[in-house]
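*Asks:* What follows is a single structure, and I will ask about it in a moment.
The values are calculated or read from the model by the stated rules, or taken from the named source; none is laboratory data. A quick note: this is a predicted structure, and the numbers were derived from the prediction, not measured. Note that each Cβ is placed from the backbone with ideal geometry, even for glycine, and that neighbours are counted across all protein chains shown. Ligands, DNA and RNA are stripped out before the accessible areas are found, and what is left, the full protein with its side chains, is counted by its heavy atoms. Shrake-Rupley method; radii C 1.70, N 1.55, O 1.52, S 1.80 Å.
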Amino acid sequence: MKKLMIGNEAVARGLFEGGCRFVSSYPGTPSTEITEFAAKNDAMTCEWAPNEKVACEAAFGASLAGVRSACAMKHVGLNVAADPLFTLSYTGVNAGMVICVADDPAMHSSQNEQDSRHYAIAAKVPMLEPADSAEALDFARRAYALSEEFDTVVLLRMCTRIAHSQSIVEPGEPLPLFDKPYIKNPEKYIMMPAFAKKRHPIVEERTERLTAFAETCDFNREELVAGAKIGVIASGTAYQYVKEAVGERVSILKLGLVNPLPVERIRRFAASVERLVVCEELDPVLETHCRALGLSVEGKSLFSLIGEFSQSVVAKALGGEVHEGYSLDEAVPVRPPVRCAGCPRRGLYCSLAKNKVTVIGDIGCYTLGAQAPLFAVDTTLCMGASVSGLHGFNKAVENRDAGKTAAVIGDSTFMHSGITGLVNISYNASNSTVIILDNSITGMTGHQQNPTTGYNIKGDPAAKVDLETLCRAVGIERVRVVDPYDLEACDRVLKEELAYPGPSVIISRRPCVLLKYVKTAPPLTVDPDRCRTCKACMKLGCPALSIRDGKAKIDATLCVGCGVCEQLCRFDAIQNRSADKKEAL
Amino acid sequence: MKKKVTNIMIVGVGGQGSLLASKLLGRLLVDEGYDVKVSEVHGMSQRGGSVVTYVRFGEKVTSPIIDLGEADFIVSFEKLEGARYAPWLAREGRVIVNTQEIDPMPVITGAASYPSDILEKLAAKGASIDAFDALALAEEAGSSKAVNIALLGRLARYLDIPYEKWTEAIAKTVAEKFVSINEKAFSLGYQSE
């Protein structure tokens, strides 16, 4: 039956049909839904791991045990899982294993624009790249046969526009399962020098066999147009743009297996046209390959290294139709993403801004605290970097700035890679204050459970990491817990811990206001007679607050009554009507 | 000759319920036998930011996105967002827009003001605009959450799909207890001035 599916749902379906029975992942946009959809299928054991390295290694363990497995991550997640990946290339697999990696050209929700294809080349493993949901399902399904035939992990590369675009798929029947028991094989699975030296030639020989496979396999296909002078090599979403813009008058070599790349097939294609063009988002991977073959090729001379393409981008480069819409003479005010009304991070950020603390930030919703009007974050690098970065910052200047610096990190990010940084702070003794913004969920990626929430991916009760005990166990003696809705407490505890000459942890604890179980208070109101328009409340950047007709106004549809603005108002203009009623009673 | 693909952009503010509208539309178009692509960006932009969904249908759809000057329809949940995407509107295209105003952060902080007559300015440039208070229609139907369906009702006037197919799709997409409210909102949007 025909069904619309986003690419990520199609991948989950394809993994299942291909015989996958174990999935371990860490959420990351635009890859998250692969594992969320997989978890809806009870035939597969699915888990959120603390980070991508753990997820990848767990999936390898399953493969070793004879169960087809997968893990999914965003492009930067593969950096974290790169360590197992490179040696997985040497060990190969027992049952098939697939690593789904989702790139984010144009950085819709990412901190960089790296191109995951480099990993396939560097680790010497095959990489498939689907161009729509139907291919996402098909490639994921067939990845296991490829993995087992060539004894290698297979990378499945997605990108935002494939991962989050719905197109029509026809789900099929799952492939029959089989038993592939683990058999002890030290020379294959123990990668110490003596054995790894024997495995490396096998890896190189495998690449030769995979290259031969690429010459004839139907993951790649020629779409030849009679009389076409231009030939375009493309894959994934770039293929769709080429097809749309100039598909009727150029020949296309559409690549589904993007590593290793065919040689003779590309030479033949190049020979069939007058002008060879490579259209690829991000880095010139295909183009570089063509140049290495000595072919005359145009690629990045026509197309940018930066951002996403579109049909117009291709049309402009290759002479297709470009459309023009309407332009307005005035600028439309931007509408950037904002932190939600009642976000439990806002109160603590208010204290950080007020105390002019240099804040080493991390990856999550709380990165948005860097924006106007709070400007509370100084740097954001990668998952976990706040804790380790703060240590280096403080140690390098012999704690000169200690007392003026802090790290902020979410509960899920702390589990991912913050705890190792905290061990370092403790072990190498820096005067650092780490603030764990514990909102009891992985927020940014859309509410996934993590080891601190007490629930697993299915929502069933699970072991719960006790953050206070964990911090104390690594040697942090001062661990404080505050409610971020209590500004006075935030301010006092922050000042005390910044002043304390040694490492400390502040846990700012309150669940994300968007969680279904969170009960919110009635909206607050502004008494216009009391409001002096001092705009103290406006410093919070709360989307429920605005100035209308010269006075502060609270949008009752957005306000959740968190009361943080109420505490900032020196004129008692912001009121909690339900509290008044209670007093009256 | 290239087969015509119809391009619909659904735009609004994160959290306004555009997801249900694109889900309903996508399902309906598949049932009608079209090739369909529905594309949106998840993640950061969900949180009160400007959000866009591209819906494309025809005999064969390739690119998942709609480019500048290609949108046959822009269905906007909010007034300012209807204007923001004007560069995407095809010369012969139409904006179907809810006149509700939601202040963006620069307006909230006072760095900018909400441009009140922006739709009139767009119309003065020759764009076709159907502006109406879809929120009021939704409330009349019984729920402010039915704004999306009221907007689809208006869109339905311009698409070559029988009315009853739309109501069937509503029944299949929304929870049973909300079907009658949504059918009413659809009807009010369809008949709106």
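*Asks:* Among residues belonging to segment B:34-51 that are hydrophobic (A, V, I, L, M, F, W, C) and closer than 14 Å to B:Gly15 by Cβ, point out the one that is modelled with the lowest pLDDT. Steps first, answer last, please.
*Replies:* Kept after step one, since they are hydrophobic (A, V, I, L, M, F, W, C), are these residues of segment B:34-51: B:36, B:38, B:41, B:44, B:51.
Now restrict to residues that are closer than 14 Å to B:Gly15 by Cβ: B:44, B:51.
Values: B:Met44: 51, B:Val51: 87.
Among them, the one singled out is B:Met44.
*Asks:* A:Gly61 is checked against (1) within 22 Å of A:Cys159 (Cα to Cα); (2) touching a strand residue (DSSP E or B) at 6+ places or on another chain (Cβ under 9 Å) and fails just one. What number does that condition carry?
*Replies:* Result: A:Gly61 fails condition (1) only.
*Asks:* Taking the criterion of being part of a loop (DSSP other than H, G, I, E, B) and at positive phi, would at least one residue in segment A:472-494 satisfy it? Give the derivation first.
*Replies:* Applying the first criterion (part of a loop (DSSP other than H, G, I, E, B)) to segment A:472-494 yields A:474-477, A:483-486.
Subset that is at positive phi: A:475.
Checked segment A:472-494: at least one residue is part of a loop (DSSP other than H, G, I, E, B) and at positive phi.
*Asks:* Taking the condition of being farther than 14 Å from A:Val154 by Cα, assigned to a helix (DSSP H, G or I) and open to solvent by 20 Å² or more (accessible area, probe 1.4 Å), how many residues in segment A:77-116 meet it?
*Replies:* Here the count works out to 3.
*Asks:* Next question. Can you tell me how many residues within segment A:326-352 are in contact with an Asp or Glu (Cβ under 7 Å, 6 or more places away or on another chain) and open to solvent by 30 Å² or more (accessible area, probe 1.4 Å)?
*Replies:* 0
*Asks:* Scanning segment A:353-379 for residues that are assigned to a loop (DSSP other than H, G, I, E, B) and within 13 Å of another protein chain (Cβ to nearest Cβ), which turns out most open to solvent (accessible area, probe 1.4 Å)?
*Replies:* At the first step, the residues of segment A:353-379 found to be assigned to a loop (DSSP other than H, G, I, E, B) are A:355-357, A:361-364, A:371-378.
After this cut, where a residue has to be within 13 Å of another protein chain (Cβ to nearest Cβ) as well, the list is A:363-364, A:371-375.
Numbers: A:Ile363: 41, A:Gly364: 12, A:Gln371: 71, A:Ala372: 59, A:Pro373: 45, A:Leu374: 20, A:Phe375: 135 Å².
Checking each candidate, the answer is A:Phe375.
*Asks:* Next up: Here are the criteria: (1) touching a helix residue (DSSP H, G or I) at 6+ places or on another chain (Cβ under 7 Å); (2) within 24 Å of A:Gln111 (Cα to Cα); (3) open to solvent by less than 20 Å² (accessible area, probe 1.4 Å). Tell me which single one A:Val314 does not satisfy.
*Replies:* Against the list (1) touching a helix residue (DSSP H, G or I) at 6+ places or on another chain (Cβ under 7 Å); (2) within 24 Å of A:Gln111 (Cα to Cα); (3) open to solvent by less than 20 Å² (accessible area, probe 1.4 Å), A:Val314 comes up short only on (2).
*Asks:* Can you tell me which residue in segment A:480-529 is farthest from A:Ile441 (Cα to Cα), limited to those that are touching a Lys or Arg at 6+ places or on another chain (Cβ under 7 Å) and surrounded by fewer than 16 Cβ atoms within 10 Å (Cβ to Cβ)?
*Replies:* Residue satisfying both the conditions and the ranking: A:Pro528.
*Asks:* Would you confirm whether or not segment B:152-160 contains a residue that is open to solvent by 10 Å² or more (accessible area, probe 1.4 Å), of a type in the set (Asp, Glu) and within 11 Å of chain A (Cβ to nearest Cβ)?
*Replies:* Narrowing segment B:152-160 to residues open to solvent by 10 Å² or more (accessible area, probe 1.4 Å): B:154, B:157-160.
Filter once more, so that each one left must be of a type in the set (Asp, Glu): B:160.
Those still in the list that are within 11 Å of chain A (Cβ to nearest Cβ) too: none.
The answer is no, given that none of the residues of segment B:152-160 is open to solvent by 10 Å² or more (accessible area, probe 1.4 Å), of a type in the set (Asp, Glu) and within 11 Å of chain A (Cβ to nearest Cβ).
*Asks:* Could you identify the single residue in A:Gly227, A:Gly231 that is open to solvent by less than 40 Å² (accessible area, probe 1.4 Å) and more than 33 Å from the chain's Cα centre (by Cα)? Give the steps one after another, and end with the answer.
*Replies:* On the way: A:Gly227 fails: open to solvent by less than 40 Å² (accessible area, probe 1.4 Å).
Only one candidate passes the filter, namely A:Gly231.
*Asks:* Give me the residue from segment B:92-113 that is more than 7 Å from chain A (Cβ to nearest Cβ) and farther than 16 Å from B:Leu151 by Cβ and, out of that set, surrounded by the most Cβ atoms within 10 Å (Cβ to Cβ).
*Replies:* Of segment B:92-113, the ones more than 7 Å from chain A (Cβ to nearest Cβ) are B:92-102, B:111, B:113.
From what's left, farther than 16 Å from B:Leu151 by Cβ: B:92, B:111, B:113.
Numbers: B:Glu92: 9, B:Ala111: 13, B:Ser113: 10.
If we take residues in segment B:92-113 being more than 7 Å from chain A (Cβ to nearest Cβ) and farther than 16 Å from B:Leu151 by Cβ, then B:Ala111 is surrounded by the most Cβ atoms within 10 Å (Cβ to Cβ).
*Asks:* Also: Could you say whether any residue in segment A:446-463 is buried (at least 21 other Cβ atoms within 10 Å of the Cβ), assigned to a helix (DSSP H, G or I), at pLDDT 95 or above and touching a strand residue (DSSP E or B) at 6+ places or on another chain (Cβ under 7 Å)?
*Replies:* Looking for residues that are buried (at least 21 other Cβ atoms within 10 Å of the Cβ), assigned to a helix (DSSP H, G or I), at pLDDT 95 or above and touching a strand residue (DSSP E or B) at 6+ places or on another chain (Cβ under 7 Å), one finds none in segment A:446-463, hence no.
*Asks:* Out of the residues in segment A:6-36 meeting the condition of being over 17 Å from A:Ser63 (Cβ atoms) and surrounded by fewer than 23 Cβ atoms within 10 Å (Cβ to Cβ), tell me which one is nearest to the other protein chains (Cβ to nearest Cβ).
*Replies:* A:Glu36
*Asks:* Would you check if there is a residue in segment A:39-46 being open to solvent by less than 10 Å² (accessible area, probe 1.4 Å), without any contact (Cβ under 8 Å) to a residue 60 or more places away in the chain and outside the structural domain of A:Gln449 (by TED's automatic domain parsing)?
*Replies:* yes
*Asks:* Sticking with this one: In segment A:403-423, what count of residues is obtained for those that are aliphatic (A, V, I, L, M), out of contact with any Leu (no Cβ under 8 Å at 6 or more places or on another chain) and buried (at least 23 other Cβ atoms within 10 Å of the Cβ)? Spell out the reasoning first.
*Replies:* Going residue by residue through segment A:403-423, those that are aliphatic (A, V, I, L, M) are A:406-409, A:415, A:419, A:422-423.
From the residues that got through so far, the ones that are out of contact with any Leu (no Cβ under 8 Å at 6 or more places or on another chain) too are A:415, A:422-423.
Narrowing further to those that are buried (at least 23 other Cβ atoms within 10 Å of the Cβ): A:415, A:422.
Of the residues in segment A:403-423, 2 are aliphatic (A, V, I, L, M), out of contact with any Leu (no Cβ under 8 Å at 6 or more places or on another chain) and buried (at least 23 other Cβ atoms within 10 Å of the Cβ).
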